Structures are given as C-alpha cells and as structure tokens.
Amino acid sequence: MATPDVDRIDVVYLWVDGADPRWQANRRAAQARIGGNAGAARFGDVSGRYRDNGELRNNLRALQRFFPEHGHVHIVTDGQCPAWLRTGPGVSVVDHRTLMPATALPVFDSGHIETYLHHLPGLSERFIYFNDDVFLGAPFDATWWFSAAGLAVFKEAALLPDYTAPQPHESALVNASLLSRAWLSARDPHYRHVPRVFAHSPRPMLVSAMRQLEYEAPELFHAVRSTVFRSWTVPPLIPDLVPRWMVHLGRAIVRECASAYLCSGAADAAEQFGELCARFGKLDFFCINDTSDNATPDAPQLLRIGDTLEQLLPYPSRFEH
C-alpha cells in the first residue's frame, strides 16, 4: 500500500479487459438481471467502452517518459490484472471489491466507479486521474497542473445546445454539464453557466476537495452509485461537476494547451493519427477515443491504435515484465 505524502502526486487509472470470459459472463448476467436497456446512455454499453487496445501499457510508458517523478500508481480493476504488468513497489492493482460496497457490484459504469477513487487507501492528497485512453504527450510540469491559481482544467471550444434537462440522444459529457448547471444554480443564484464541456484530459484532483463535494452533494453521489451500466438519466460527476465546481470556487483555472482528440472510427482517422505522430512531444496530452464500438479485434482501425502507440512509445516502462 502507498503511504501518504504531501508533496507526492499519485496516478490513478481505471482498467478493464473486455475480452476476459469471466468478465463477459458477469456483464451478460447483469444485463439479463436488469432486463432491457431502458435509460441506457448513448454508446454506453458497446464493446468499445471495454476494449483493451494496449492503451494502459503505453499510457504507463508515456507517464514514465514525461512525468518520471510521479508518485504511486493505482490501477483499479474488476478482479483483473494485465498479464504484462510487473507488480511491486510503486504500483497497486486495486480490486473493485476492496474499494466499493459488495451490494454495488458488479459495476460496468466508469462514472460510478470513479466516485470512489478518492477513497483509495494511501492515496496522496494531490493525484492525477487518467482514463487509459488519455495520454501525456509532453513533459509534465506539476507547478502548472497544480498551481497556486488552482488545478488546471480544459474546455472544448464548441457551445452546447440549450437543453433544460438531460437528453437520451446526447453524450454523457453533455448530460453531465446539464446536471452541473442544475445543481450549481440551485446552490448559488449568482452562478453563471458556461455551456461548454470539459475536454478529455488528465484530471488533476485533490482528495480533500472530493471529500468535501461528497459531503455537500450526497444525493448526486448516491444516484450515480446506484447505476450498473451507464445511464443518460444519471450522468457522471467527475468529468464535469467536479471541475466546474472547482472553477466556481476559485480552486481550478481553465487553461489553454496543446492537445489532440482522435476518434478511431472517424472517416479521417488515418489523417488524425498521422497528425498525432507529427505533433507528438509537443502535445500536453492527447486522447484516442475507441469509437469503433462493435468492430472485430482485427479491424484495421483498431490495429492502428496499438501500432501507432507502439511507434510513439517503443520503450518498455519499469511496470512491464
């Protein structure tokens, strides 16, 4: 177990192997038990949400290259462990069963799981939460990400439609923004909502802030902790409410940065990946979103993900056998 350290910046990942037969059986059983997909989030339970294209292995390579001073690495999984992972000092694999109540399991909604991350044993006060498809792409400056002005957060440029409530056809990020607006407006009549979603980025976080928000918004945490699969009626809290609340309190600052967002299933995916290769080393971060959904494992658009990451990050990290 890691030991707390006020100066340390730990790193937290969620990881799943969607090809694991045991995990697949549990997923099918949960689907059958729920009986239908009423309320299911758009693209919330497709294969692309759970597929492993080698992202975590290469994410750790990027971490070692661009932030070698990082603290303990916590990898949260559903009883799984990557075959290539070298366990030992500096890294912990945390089973859902040790972090979450047994009555909540199994869970296939990352928005549910991530509400427990600030309860990880030994987690440092400052930590970075990564989805494994979000990578560092340039040297990490901790004084920029965790500055006196606040935590660094990033927004997309596009404005959102002016909905009054979550929409079944919209993305989880859009619906999360609507939830944030409703909650913050109810608490502060002077709150002014900026209808732009936060970017797919590394998420600098504070344990103390997360505990405070959990105390102030127990009903929101209870709601998202009731999900089994992603639901459009219960948007996630971490991608939008947390940074938006922190900005509102003056504890986070919206920054500009060099970044890239790639979609594996896009018509111009080859061009997107080519541009990534050209800009690698100059991007603060980049996200490779597996939007190929139910493609077969040998589909060219999926092979491109692993091939590109191996090209950019060819050297094994200390976390590999």
**OP:** Calculate how large, on average over all directions, the projected area of the Cα convex hull of the chain is; give the answer in nm² to one decimal.
**Re:** 15.9
Original post:
What is the distance, in nm, between label points placed 7 Å from the Cα along the Cα-to-Cβ direction at Ala83 and at Ala266?
Top reply: 3.3
Original post:
Which FRET efficiency value, to the nearest 0.05, do you get for Tyr163 and Asp188 by plugging their Cβ-Cβ distance into 1/(1 + (r/R0)^6) with R0 = 25 Å?
Top reply: 0.75
Original post:
Considering only Leu99, Ala172, Phe154, whose Cα is most displaced toward the positive end of the charge dipole of the stretch 20-173, charges sitting on Cβ of Lys, Arg (+1) and Asp, Glu (-1)?
Top reply: Leu99
**OP:** Would you calculate, for the chain, the mean residue ellipticity at 222 nm contributed by helices, counting each DSSP H stretch of 4 or more residues as -39,500 (n - 2.57) and dividing by all residues, to the nearest 500?
**Re:** -9500 deg cm²/dmol
Original post:
For Lys282, Lys155, what ranking results if the residue with the fewest other Cβ atoms within 10 Å of its Cβ goes first?
Top reply: Lys282, Lys155
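The numbers here are math on the coordinates, done by the rules we state, and not lab data. Note that the coordinates shown come from a computational prediction; the quantities given were computed from them, not determined experimentally. All Cβ positions, glycine included, derive from the backbone under ideal geometry; neighbour counts span all protein chains shown.
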